[in-house]
Amino acid sequence: MTTWRHCPQCRAELVLRVAEEDGGPKERLRCPDCDFVHWNNPTPVLAAVIECVDRGGAVLLARNAAWPGRFFGLITGFMEAGESPEDGIRREVFEETSLTVGQVNLLGAWDFQRMNQLIVGYHVQARGEIHLSAELAEYQLFAPEDVKVWPQGTGQALATWLRSKGLAPKMIGEKE
């Protein structure tokens, strides 16, 4: 997360200041010289529950090369200007795994405040040979009934998809 210190328009130091906005007073970083406001709105992040239709419906989870430990999660990424969320998730899945996405279904959207993000989750059906981008260190395939979810961020999208298949989500660390 980036911490803003200076105005991107005039370079003055930003200050926390309360001002009246729609809905009442809000404290935000504001420029005392040019009235720039740093809104600090959440960034939308696209996330894919990838069902590999040519691998018996296995779910692909991947480990980001920058993550410590061996946590495997959903494929995620940011939209490009001018693309729809559905096109964005197709592109992200292809860029990171080389899989071709067929069907795309919206699972929902979840607040991920720790990262100031809005997770937009999709279930995608994909096929093809898996080749990971340099962003990803490794992947694993799981039968839907064997996958374990995590409580925050993209884990909510995975839990929603499992429920849609009639499966009760099992949490990481939960005894079987």
Residue list for the stretch 73-90, filter: part of a helix (DSSP H, G or I) and either at pLDDT below 95 or over 28 Å from residue 151 (Cβ atoms) (or both): 87
Quick one: which strands (runs of 3 or more DSSP E) sit completely within the stretch 1-58 and have at least 2 residues that are more than 30 Å from residue 147 (Cβ to Cβ) and of a type in the set (D, E, K, R)? 15-21, 24-30
Failed criterion for residue 98 (all others in (1) in contact with a strand residue (DSSP E or B) (Cβ under 6 Å, 6 or more places away or on another chain); (2) modelled with pLDDT of 95 or more; (3) surrounded by fewer than 18 Cβ atoms within 10 Å (Cβ to Cβ) hold): (1)
Need a quick list: strands (runs of 3 or more DSSP E) entirely within the stretch 97-176 having at least 2 residues that are polar (S, T, N, Q). 100-112, 117-127
Going by the conditions given, is residue 51 surrounded by fewer than 19 Cβ atoms within 10 Å (Cβ to Cβ) and either free of Cβ contacts under 8 Å to residues at least 40 places away in the same chain or touching a strand residue (DSSP E or B) at 6+ places or on another chain (Cβ under 7 Å) (or both)? no
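The values are calculated or read from the model by the stated rules, or taken from the named source; none is laboratory data. The shown structure was predicted, so the numbers you read here are calculated from the model rather than taken from an experiment. Glycine gets a Cβ as well: all are built from the backbone with ideal geometry, and neighbour counts include every protein chain shown.
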